[in-house]
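Values quoted throughout were computed directly from the atomic coordinates according to the rules given, and no laboratory measurement underlies them. Owing to the predicted nature of the structure, the values given are computational and were not obtained by experimental measurement. Because the Cβ atoms are built from the backbone with ideal geometry, glycine has one as well, and the counts that use them run over all protein chains shown.
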Amino acid sequence: MTTATTRALRTTPPARTGETTARDSPATAMPSLPSLTGLRWMAALLVFGLHVNNFGYFGGTSARLVTWGFGAGATGVSFFFVLSGFVLTWSARPRDRALAFWRRRIARVYPVHLVTLAVALVMAYSLAHQPRPTPKQALSNLLLLHSWWRPWWQTLNPVSWSLACEAFFYASFPLLFLLLRRLGARASAALGTLSVAAVVVLAWADAHHWWTYPLYSFPAARLPEFVLGAVTARLVLLGRWRGPGLEASLALAIIGYFLVPQVTPGYSATACTIVGFALLIPAAAVADVQGLPSLWRRRRLVRLGELSFAFYMIHLLVLRAGTELLGTKPHFGLLAGLAVTTVAFSLSLGLSWVLYEAVECPARRLLLRRRRRPTPQPDRVEARGEAPAAARD
């Protein structure tokens, strides 16, 4: 077990309830966390492997191996939810306004969603055997509301169901952050424990069909994962995180991942991995802050992590388009399956680079571009005794 107290915050004693920490100062710049970007790529890769398995590229023994390795790949989405709560809390601006926060989140995710939605619409009406959405389904997808109604959650670009969950998390985050800033370490830890308990209870209830509505894609049911990520970030920021190091946390996450086949498919898988993910993410963050060794901050892995969101949003459309040439569940042998998977992966990665460079980054810069006030004329400034507008900005 390692004591994960960040060097950046060691000069500030652990805050009690209601106290102000160094983090609450707007001048405090938080360290970057490249290991989390690298881990994000690995989560996206798990989801890709899951979909390759679902599309039946492999047959025979190779299919069983792919299922063994990637059958639990849907837990990569759970990792994204926990990571999202951690990163948003880590980078939150104490005096930020809700509208400014929501504007930044829209600029971050919506342009890529809009482009991939357009691609999915073109595919639906130009390719054979592709489901065509109703106007209500298309509108709900556009507004990121489709995960609230189970019959619509897989329309158009199916992976966008998780964005509808994220949109709900973003809507609730200003209130959550306000609460966390008023909680001390013990109260934050209690909230994290309640979040884990909520995941376990919901997983048990879903497996035993207590609801007629499956919880896997229901945004409110996924909120505890997001809250848990926010709580762990808060504990790290307070200098009160006590968790295993990066290697032990990774081992626990892997063990949880391979326990997934032992439970009922769907939401229940979340209960297997939630603890491992909740330990791994802060452990990687602490490794970055303290300069400890971390495989996940290697330059190429971080670069892939930067492309991971675009990769996640485009890869299933590539696989769907491939069914026009390969058919449904072709069950190739090992070599042919590897070749087809390599082509699909390369196309997805290449398109994700295009989306990142041509859509995600330029759109974010455009949407977040600051409007500067015109500088008043010198004679008017001197007459009113005011500073120039540039100085006030």
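Between the helical axis of 268-290 and the longest alpha-carbon principal axis of the chain there is an angle of about 40 degrees. Remark on the chain: ratio of C-alpha radius of gyration to 2.2 N^0.38 Å is 1.06.
Extending 7 Å from the Cα toward the beta-carbon at both Ala187 and Trp210 defines two label points whose distance is 2.8 nm. Taking amide H as placed 1.01 Å from N in the peptide plane, Phe332 has its amide H under 5 Å from the amide H of Phe58, Gly59, each at least 5 places away in sequence or on another chain. Separation of the range 57-132 and the range 237-283, taken as the distance between their Cα centroids, equals 20 angstrom. Using a simple spin-label model with pseudo-atoms 7 Å out from Cα toward Cβ, Arg299 and Leu114 lie 3.5 nm apart. Tell me, what is the Rg over Rh of the range 296-335, with Rh the Kirkwood radius over Cα pairs? Rg divided by Rh gives 1.18. Loop-resident trypsin sites (Lys or Arg not before Pro) (DSSP state other than H, G, I, E or B) in the range 94-123 with no more than 15 further Cβ atoms inside 10 Å of their Cβ: Arg95, Arg97.
How much FRET efficiency would the formula 1/(1 + (r/R0)^6) give for Ala321 and Leu65, where r is the Cβ-Cβ distance and R0 is 22 Å, rounded to 0.05?
Details: r = 25 Å, r/R0 = 1.16.
About 0.30, to the nearest 0.05.
Pairwise Cα separations in the range 109-155 fall into 5 Å bins from 0 onward with the following percentages, short to long: 5, 23, 30, 26, 14, 3. Can you tell me the 0 to 90 degree angle between the C-alpha axis of helix 60-70 and the longest principal axis of the chain, rounded to 10? The two axes meet at around 20 degrees.
With coordinates expressed along the principal axes, the C-alpha atoms belonging to the range 183-319 extend over 48, 46, 25 Å, beginning with the largest. Over the range 251-362, the alpha carbon radius of gyration divided by the compact-protein estimate 2.2 N^0.38 Å works out to 1.35.
No solvent, one uniform scatterer per C-alpha: report log10 I(q)/I(0) for the range 304-371 via the Debye equation at q = 0.15, 0.20, 0.23 1/Å, two decimals. So the normalised log intensities are -0.57, -0.82, -0.96. Around the amide H of Gly243, modelled in the peptide plane, lie the amide H atoms of Thr2, Ala4, all under 5 Å away and 5 or more residues distant in sequence or on another chain. Distances between placed amide hydrogens fall under 5 Å for Leu183 paired with Gly18, all partners being 5 or more residues away or on another chain. Model label sites at Ala251 and Thr264, defined 7 Å from Cα along the beta-carbon direction, differ in position by 3.3 nm.
With 0.36 nm allotted per residue and the present C-alpha distance subtracted, the Leu178-Met30 stretch has 51.4 nm of extension available.
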